[in-house]
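Here is the structure we will look at.
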Amino acid sequence: MRISQIVLVIGILALGLYLRLHTYDLYPQRGATSDEYAFAFLGVSLLTKGVPISWSAIPLYINRTNLTIDKLYFPIVTPYLDHPPLFGLLVGIWALITGQSTFETITLTNIRLIPIGLSLLSLFLVFLLGKSLYGYWVGILSLLIYSVATIYVVNARIVVAESLLTPLYLAAIYIFSYKKIKNIKTFLVLGILTGIAVFTKILGITLPISLGILSLIDKIKFRYTVTIVTSVTLSIALLCVYGIYFGNDLFFRIQAYQGGRALGADTLWILLTAPIIVNKIIYDGWYFWGILSIVLLCIKWKTHKYIVIPALTYIFLLIISVTKTDIHGWYMFPLFPFMAIASGYMIKEIIIRRSMIIIPFVFIIGSSLIQYILEEPFGLTPLRYRLLQAIIIIPIFSSLILGKKRVFAWISQSEIALLFIGTTIMTWNYVHPA
């Protein structure tokens, strides 16, 4: 890459980090989800007391005490076995380093720096994967989308295990997709990453499954993929040993309880139609465009297998794992980077090919920007909304009909630039509903 290209990447990375840090200690508000504290409590207790202790709403626990910290209630259980311990240990190490060694001293201002730091790593990996698969400018567009889209930015502040699972997913797919280094050493690294993913969250099993499917498609030698199978098996065995050591049969009863929750088609439609930041719906157009882009890539799935296969594998296993009555915004975290890369690729394609798909693109993104930027400060009457939509759609549509390549290129690129500016403003102004 040229110096100017490197500077552009660094600039967008800085913008993404800046937006994530902007009001990160305020929004989402403390108490929007107490799961953030669960991982911190788990890590701190393991490191200071040698026992996993945290809060849980699962009714199977016997050893339960009540704890209230600054008007926020936590039903504390011992031993805590809801989740694998790895992400909790990461947060706990940071809490202890920064002097927060008890439950009462832990603050979101401090521990949220962990997911934000991991998000910065994910940002860089999004660029690398997008560039590796589709070239520099798709890498830049993907990075820009992942850096500024509101649902991606604000969710990235939350202290949940998916914050670690996401860069693991990206790193593994990037390494696997890099054709020049497919050898036993590569698969040893992939084995380590997949093992870590499983020890981060049970749903991390989607990563080795994705790599397994891709290995079949790419006809990878079986002796290479054995390293992944071995690593995942060892991680599952280690997790069982961890659970048995602290909780004996309680560990398996908790896993059965979590696996026996109500499922149904509602889960799919909620995930497709209700973008969520932690616990509140936000109709961010980039979410819908990301899903549509992945669907469009499925048309030529072999060409886009390194995006389509991980995305479909994750969403399928998520749908058959998550209860339809208890869906949280962070469940989609590992899918967000693939949505961003698919979005960046489709934007490049519709400009180069002068595709009519640009109409739904500007309509989807523009609709959310009009509402979230203009409605509160200026009001949004039906007439204003229609006029603003016409201002967005008519120039693009006219340039397509008239058939002027230069005119279309100028108008489309100008509108896309304005949409990115508007998205940045929307993210900057975001206030999480109480």
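The values are calculated or read from the model by the stated rules, or taken from the named source; none is laboratory data. On a predicted model such as this, the values are computed, not experimentally measured, just so you know. With ideal geometry, Cβ positions are generated from the backbone for all residues, glycine too; neighbour counts draw on all protein chains shown.
Here is how the numbers come out for the structure above:
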read-out: Unmet criterion (only one of (1) assigned to a loop (DSSP other than H, G, I, E, B); (2) over 15 Å from ASP35 (Cβ atoms)) for TYR80; value: (2)
read-out: Single match in TYR331, TYR287, TYR306, TYR283 (criterion: under 22 Å from ILE209 (Cα atoms), of a type outside the set (D, E, K, R) and in contact with a Phe, Trp or Tyr (Cβ under 9 Å, 6 or more places away or on another chain)); value: TYR306
read-out: Condition broken by TYR146, with the remaining ones in (1) in contact (Cβ under 8 Å) with a residue 12 or more places away in the chain; (2) surrounded by fewer than 19 Cβ atoms within 10 Å (Cβ to Cβ) satisfied; value: (2)
read-out: Some residue of region 102-110 being surrounded by fewer than 16 Cβ atoms within 10 Å (Cβ to Cβ) and farther than 27 Å from HIS22 by Cβ; value: yes
read-out: Pairs with Cβ under 9 Å, 6+ apart, first in region 291-310 and assigned by TED's automatic domain parsing to the domain that holds SER210, second acidic (Asp, Glu) and part of a helix (DSSP H, G or I); value: LEU296/GLU349; LYS305/ASP218
read-out: Selection status of ILE196, surrounded by fewer than 24 Cβ atoms within 10 Å (Cβ to Cβ) and in contact with a Ser or Thr (Cβ under 7 Å, 6 or more places away or on another chain); value: no
read-out: Residue satisfying all of: in region 149-181; touching a residue at least 60 places away in the same chain (Cβ under 8 Å) and either small (Gly, Ala, Ser) or not assigned by TED's automatic domain parsing to the domain that holds LYS201 (or both); farthest from ILE276 (Cα to Cα) among these; value: SER177
read-out: Checking VAL51 against (1) exposed (fewer than 15 other Cβ atoms within 10 Å of the Cβ); (2) among the β-branched types (Val, Ile, Thr); (3) under 24 Å from the mean Cα position of the chain (by Cα), the condition it does not meet; value: (3)
read-out: TYR306 over 26 Å from THR33 (Cβ atoms), in contact with a helix residue (DSSP H, G or I) (Cβ under 9 Å, 6 or more places away or on another chain) and modelled with pLDDT of 95 or more; value: yes
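Yes or no, residue by residue, for (1) touching a residue at least 60 places away in the same chain (Cβ under 8 Å); (2) within 27 Å of SER122 (Cα to Cα); (3) of a type in the set (Val, Ile, Thr):
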residue	(1), (2), (3)
ALA342	no, yes, no
ILE358	no, no, yes
ILE370	no, no, yes
GLY379	no, no, no
LEU400	no, no, no
LYS404	no, no, no
ALA409	no, no, no
THR423	yes, yes, yes
THR427	yes, yes, yes
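To keep it simple, each residue is scored yes or no on (1) loosely packed, with under 15 Cβ neighbours inside 10 Å; (2) in contact with a Ser or Thr (Cβ under 9 Å, 6 or more places away or on another chain); (3) assigned to a helix (DSSP H, G or I).
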position: ARG386; (1), (2), (3): yes, no, yes
position: ALA390; (1), (2), (3): yes, no, yes
position: ILE396; (1), (2), (3): no, yes, yes
position: SER399; (1), (2), (3): no, yes, yes
position: ALA409; (1), (2), (3): yes, yes, yes
position: GLN413; (1), (2), (3): yes, no, yes
position: PHE420; (1), (2), (3): no, no, yes
position: THR423; (1), (2), (3): no, yes, yes
position: THR427; (1), (2), (3): no, yes, yes
